[in-house]
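The values are calculated or read from the model by the stated rules, or taken from the named source; none is laboratory data. Because the structure is predicted, anything quoted here is derived from the model rather than measured. Heads up, the Cβs are rebuilt from the backbone with ideal geometry, glycines too, and the neighbour counts pull from every protein chain shown. Keep in mind that these areas ignore ligands, DNA and RNA; they rest on the heavy atoms of the full protein, side chains included. Shrake-Rupley method; radii C 1.70, N 1.55, O 1.52, S 1.80 Å.
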Amino acid sequence: MPVYPSVRDHAVSLCERAGYDVTVRPERSLDGPPALAEPTADAVGLVEPSDPRPVAIEPLTEADIGPAGLVPRFADALREDRDCLFVVPSTEDTGTTLTQVVATVLGEPACVAADEPDGRQFYKGPDRVPLSDGSYACARAPASDLQWREVRVDEGRPRLELSVGTEIVAVFEHVDALAAPERHAFQYAYRRADDGRFEVTEGDEVVERFPGPTAMRRGGYAPVPMPLVPEHLLPEDADRSRWAVCQPDGGADILTEAGLVAWA
């Protein structure tokens, strides 16, 4: 995964000036972020000045700046009991906007698109929905048109719906039912055949064959993304305000849940 050294090093400098010892890695690996900051005895806290904690430094490319890139990184930091400092790349026109995108995704309501009395609307994650027969769910619609949401119909748990516009294409008893969905839960699914081609099925019938996932999307079938459900990703009772975002053009300013502050 690429890491922009100039973006990463801006956060490294901020942390060092605030009294942290920083360990830099060449890239983001499976066992942690590309840089970690450990507070010294004289450190000033990232999110709460009086509460300095270890900091996961997460430099982002423009492609990372969205729920699918942000929420899993934030969840990783919380599981390790770290604050998370995101760094967005500077651009002539969109630097401030990119910072605001991070704040929108992670701010209240944290890690969900909306949280209303009748249920939540979820962001779409990077993972696909696996089905009981080894295939993956897909829909005859652009991925951008797919939306996961909860609908509260009684005093029990809200049901989970996948919709395309006003059409509901899949329904589950609740969000936990996505742990092991049956094939019949979706009209369409896809799998890789023995010859390497992607087969789209409706029920037990193969309805389309494509040479690869790009051709499948162009043919009108999009893999169904797994929704980002906070309780499935974030540690129970975790403080979801333990994040901050900065950009190289912003100097020592960082944006937190509490607002824009000058740090270090």
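Quick rundown of the values:
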quantity: Qualifying residue in region 186-193 (condition: among the charged types (D, E, K, R) and touching a Lys or Arg at 6+ places or on another chain (Cβ under 7 Å)); calculated: no
quantity: Qualifying residues in region 112-124 (those that are of a type outside the set (D, E, K, R) and modelled with pLDDT under 95) - the one surrounded by the most Cβ atoms within 10 Å (Cβ to Cβ); calculated: 119
quantity: Where residue 234 falls short, out of the listed (1) out of contact with any strand residue (DSSP E or B) (no Cβ under 9 Å at 6 or more places or on another chain); (2) of a type in the set (A, V, I, L, M, F, W, C); (3) at pLDDT below 95; calculated: (3)
quantity: Region 196-207, subset out of contact with any Asp or Glu (no Cβ under 8 Å at 6 or more places or on another chain) and modelled with pLDDT of 95 or more, residue most open to solvent (accessible area, probe 1.4 Å); calculated: 205
quantity: Criterion violated by residue 129 - all others in (1) touching a residue at least 60 places away in the same chain (Cβ under 8 Å); (2) exposed (fewer than 12 other Cβ atoms within 10 Å of the Cβ) satisfied; calculated: (2)
quantity: Matching strands (runs of 3 or more DSSP E) fully within region 110-188 where at least 2 residues are within 21 Å of the chain's Cα centre (by Cα); calculated: 114-116, 119-128, 136-139, 146-151, 159-164
quantity: Condition check for residue 58: surrounded by fewer than 20 Cβ atoms within 10 Å (Cβ to Cβ), closer than 19 Å to residue 9 by Cβ and modelled with pLDDT of 90 or more; calculated: no
quantity: All positions within region 143-156 that are open to solvent by 70 Å² or more (accessible area, probe 1.4 Å) and of a type outside the set (D, E, K, R); calculated: 144, 153
quantity: Qualifying residue in region 201-223 (condition: within 30 Å of residue 52 (Cα to Cα), touching a helix residue (DSSP H, G or I) at 6+ places or on another chain (Cβ under 9 Å) and touching a residue at least 12 places away in the same chain (Cβ under 8 Å)); calculated: no
quantity: Residue within region 181-188 that is open to solvent by 20 Å² or more (accessible area, probe 1.4 Å) and modelled with pLDDT under 95 present; calculated: no
quantity: Number of the exception - residue 90 against (1) open to solvent by 80 Å² or more (accessible area, probe 1.4 Å); (2) part of a loop (DSSP other than H, G, I, E, B); (3) small (Gly, Ala, Ser); calculated: (1)
